[in-house]
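Engineer: This is the structure, below, for whatever I ask next.
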Amino acid sequence: MPEQSILRFENVTVTFDEIPVLDGISFEMRRGDTCVILGAAGSGKTVLLKTAIGLIKPSAGRVFLFGTDITELDEQELFDLRAKTGVLFQEGALFDSLTIEENVAYPLVNQRAAKRKKREIRELVEESLRFVELAHTLDKFPSELSGGMRRRVGIARAIVTEPPLVLYDSPTAGLDPITANTIVTLIIKERDVKKTTTVLVTQRYQDGHLLANFRYNPRNGQVEPVTGNGHSDTLKTRFLVLRQGRLTFVGDQQQLEASADPYVSKFVKREI
Amino acid sequence: MLDILKPPVLALQDFYSLAGRAIRNIVRRPHYYDDIVLQMDIIGVGSLPIVLLTGFFSGAVMALQMSRALSQYGATGQVGMIVSISLVRELGPVLTAVVVAGRNASGMASELGSMKVTEQIDAMRALGTDPIQKLVKPRLIATAVVLPLLTIVADFVGLVGGYVVAVPLLSLTTAGEYWNTAWRAIEYNDIAQGLLKPLVFAIIIALVGCFYGMRTSGGTQGVGRATTQAVVVASVWVFVVTFFITRVFVNL
Ligand SMILES: Nc1ncnc2c1ncn2[C@@H]1O[C@H](COP(=O)(O)OP(=O)(O)O)[C@@H](O)[C@H]1O
Ligand SMILES: [Mg+2]
């Protein structure tokens, strides 16, 4: 039985002021898939993620989220599907008038599907913040945290409702390598502990490499390289390369590293 | 030629769409009462000192200006009437609206604008809230409630300002006559336009402020641009609209 389709793009085109920003994008993700989308700045990565949850409407083509065609849905109908999708925005996009606790609680308080009691919300918020190792920041405001911590709070907010699909928009952009690795480690942990379908958008090939070859070991709480003895077939990481709104490459890591396309290979070589 | 007209026409279309959605949503749930109260505090309490000051001095300066003209006709006793009519019909509503446009249309545009450029508005939609409901509606309701109240306050302190100039300062008239003529000059019609105007201005200020905030693009520079545009456009519309409302009332 084929796994259930989580996200499908069919020939999606998005235009702003008559300029195509996404051009004929097609791909499909099934449950448990990991997808790494690489692309230079301005190649349309953010627009692609926003189109996936209906924040931006395509001018042509169709987007299916959890099997539902969302291109014609109105905002109210979209809320129920978005409730099953976690998003980490590029800079975290925390609400700066709210505390960290209120930020992480926001989807629990506001999503119709996720209505819960006050005490329960507090527990879930704490659990989610513990997951990103920021349980001590409950009463702080986003402006009091560093860039890396803000992204981690953003992850906590994205996953607090335990969505089956999580989208990460450039989670490592502008961070130092150590903080960047902490963030990717959290993404791997979330993927492997909660078995979420994961889309990671990034400029760093390194992030995709980690996601494809490392997994979380619940016994010692560490992220470890996949040893190759039987594990690798369960890691279905696909790479997509976006160039000026077009997909120039779709395939696995071996194919990516073997690609002769100069744009694609520049990505791979620059970072390794 | 058509290309020059296209952006403003499209912008107007967007504005109508925002206005339509905001007004249609007024009675629709959910209502974010906390946000309404917070906005009333920011707009109402926050603007009170400056409204008191501008109101007081506009009444005072009216009395001062009129003192010479009235004494030429030997009609200084009418100063209370002149101050009260001009304040209640026009100066109170317009000056208060311009002050609130300067303080709050800009505040709304810059707050929503920074939320827009840092993707907080997208995050809101992604996390299950409609920005029209959560951001625009509370600001619209709060301004519509608070601006008429601020106008009444401005009218009153303006009369006090006029009194200070007319009676203790210049002895144009007696206290009794000042308040008596001031009070009797105001007709039902004046109160109606004196309260209708701030209500309409409130809708203009809140919607224009939110509109420019929500369509901000281009980083922090864009936020600055949106803020300026919101104040300019809201203030100009206040002056244009007051003309048309007055036109209707003059004919009644
Ligand atoms: N709201 C918008 N209006 C007009 N152009 C946009 C908008 N959002 C993005 N773009 C344009 O789309 C292109 C892709 O942007 P984006 O997806 O943010 O790139 P990135 O891959 O860096 O995330 C850029 O050229 C950008 O200028
Ligand atoms: Mg981006």
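The values are calculated or read from the model by the stated rules, or taken from the named source; none is laboratory data. It should be emphasised that the depicted structure is a prediction, and the values quoted were computed from it without experimental measurement. In this analysis, Cβ positions are derived from the backbone assuming ideal geometry, glycine residues included, and neighbour counts consider all displayed protein chains. We work out accessible area using only protein heavy atoms, side chains counted, and drop any ligands, DNA or RNA first. Shrake-Rupley method; radii C 1.70, N 1.55, O 1.52, S 1.80 Å.
Engineer: What is the magnitude of the charge dipole of the protein assembly as shown about its Cα centre, with +1 placed on the Cβ of each Lys and Arg, -1 on the Cβ of each Asp and Glu, and no other charges, expressed in debye to the nearest 20? Spell out each step's value before the answer.
Structural biologist: On the way: 54 positive and 50 negative charges, 59 e Å.
The dipole magnitude comes to about 280 debye.
Engineer: Just the Cα atoms of region B:66-142, one point each, no solvent: what log10 I(q)/I(0) does Debye give at q = 0.12, 0.22, 0.28 Å⁻¹?
Structural biologist: So the normalised log intensities are -0.56, -0.99, -1.19.
Engineer: Please name whichever of A:Gln222, A:Val153, A:Leu134 sits farthest to the positive end of the charge dipole of chain A, dipole taken about the Cα centre and charges placed at Cβ: Lys and Arg +1, Asp and Glu -1.
Structural biologist: With unit charges placed on the Cβ atoms, the residue in question is A:Gln222.
Engineer: Can you give the three extents of the C-alpha atoms in region B:34-251 along their principal axes, from longest to shortest, in whole Å?
Structural biologist: 68, 30, 30 Å, listed from the longest principal axis down.
Engineer: For region B:140-156, what does the Karplus curve 6.51 cos²θ - 1.76 cosθ + 1.60, with θ = phi - 60°, yield as ³J(HN,Hα) per residue in whole Hz, taken in order and with x for Gly and Pro?
Structural biologist: 5, 5, 4, 5, 5, 7, 7, 5, x, 5, 4, 5, 4, 4, 4, 4, 5
Engineer: Let me ask you something else. Can you tell me the 0 to 90 degree angle between the C-alpha axis of helix B:46-72 and the longest principal axis of chain B, rounded to 10?
Structural biologist: Tilt relative to chain B: about 30 degrees.
Engineer: Also, I was wondering about something else. Using just the helices of chain B, give the 222 nm mean residue ellipticity in deg cm²/dmol: DSSP H runs with n ≥ 4 each add -39,500 (n - 2.57), and the total is spread over all residues, rounded to 500. Can you show the working numbers first?
Structural biologist: Values: 11 runs with 193 residues, N = 252.
Theoretical 222 nm ellipticity from helices: -26000 deg cm²/dmol.
Engineer: Within the set of other residues whose C-beta is less than 13 Å from the C-beta of B:Val88, count the net charge using Lys and Arg as +1 and Asp and Glu as -1.
Structural biologist: With Lys, Arg at +1 and Asp, Glu at -1, the neighbours total -1.
Engineer: A follow-up question, please. Quick check: Cα centre of region B:19-93 to Cα centre of region B:115-193, how many Å?
Structural biologist: Region B:19-93 and region B:115-193 have Cα centres spaced 5 Å from each other.
Engineer: Between region B:206-252 and region A:74-125, what is the separation of their alpha carbon centroids in Å?
Structural biologist: 33
Engineer: Nearest 5 is fine: what % of DSSP beta bridges in the protein assembly as shown come out antiparallel, could you say?
Structural biologist: 55
Engineer: Accessible area per residue for region B:34-251 in Å², computed with a 1.4 Å probe and the full protein assembly in place, what is it? Write down the numbers at each step before the final one.
Structural biologist: Details: 9340 Å² over 218 residues.
Accessible area per residue: 43 Å².
Engineer: Here's another thing I want to ask about it. Counting Lys and Arg as +1 and Asp and Glu as -1, what is the net charge of the other residues whose Cβ lies under 13 Å from the Cβ of B:Arg184?
Structural biologist: Net charge in that neighbourhood comes out at -3.
Engineer: Quick one: grab the alpha carbon gyration tensor of region A:142-216, order the square roots of its eigenvalues as a ≥ b ≥ c, and give me rounded if a/c is under 1.5, else prolate or oblate depending on whether a/b is larger than b/c.
Structural biologist: oblate
Engineer: Here's a follow-up. Buried accessible area between A and B (1.4 Å probe, both chains summed, ligands and nucleic acids excluded), in Å² to the nearest 100?
Structural biologist: Looking at A and B, the buried total is near 1600 Å².
Engineer: For every helix of n ≥ 4 consecutive DSSP H residues, a contribution of -39,500 (n - 2.57) applies; sum these over chain A, divide by its total residues, and give [θ] at 222 nm rounded to the nearest 500 deg cm²/dmol.
Structural biologist: Calculated from helices alone, the mean residue ellipticity at 222 nm is -10500 deg cm²/dmol.
Engineer: I'd like the per residue volume of the convex hull spanned by the Cα atoms of region B:1-117, given in cubic angstrom. Provide the component values of the computation, followed by the final result.
Structural biologist: Values: hull volume 21.9 nm³, N = 117.
Taking the convex hull of the Cα positions in region B:1-117, it is 187 Å³ per residue.
Engineer: Check A:Val14: other-chain or 5+ apart residues with amide H under 5 Å from its amide H, H built from backbone geometry?
Structural biologist: The list, which skips near neighbours in sequence, is A:Val21, A:Leu22, A:Asp23, A:Gly24, A:Ser59.
Engineer: Would you kindly find the accessible area of B:Ile36, with a 1.4 Å probe and non-protein molecules such as ligands, DNA and RNA excluded, rounding to the nearest 10 Å²?
Structural biologist: B:Ile36 has an accessible surface of roughly 20 Å² with all protein chains in place.
Engineer: How large is log10 I(q)/I(0) at q = 0.15 Å⁻¹ when the Debye formula is applied to the Cα atoms of chain A, each weighted equally and without solvent?
Structural biologist: -1.18
Engineer: Separate question: Using only the alpha-carbon atoms of region B:57-101, report the extent along each of the three principal axes, biggest first, to the nearest angstrom.
Structural biologist: 39, 15, 10
Engineer: For a quick check: with amide H placed at 1.01 Å from N, whose amide H comes under 5 Å from A:Ile6's, ignoring anything fewer than 5 positions away on the same chain?
Structural biologist: Amide H neighbours of A:Ile6: A:Met29, A:Arg30, A:Arg31.
Engineer: Top mean-square fluctuation among A:Ser97, A:Ser170, A:Ser259, Gaussian network model of chain A, C-alpha springs under 10 Å?
Structural biologist: Per the Cα network of chain A with a 10 Å cutoff, A:Ser97 tops the list.
Engineer: Relative to the Cα centre, what is the charge dipole magnitude of region B:34-251, using +1 at the beta carbon of each Lys and Arg, -1 at the beta carbon of each Asp and Glu, and rounding to the nearest 20 debye?
Structural biologist: 400
Engineer: To continue, here is another question. Placing one identical point scatterer on every Cα of the protein assembly as shown and ignoring solvent, what is log10 I(q)/I(0) from the Debye formula at q = 0.12 Å⁻¹?
Structural biologist: Debye intensities relative to I(0), on a log10 scale: -1.08.
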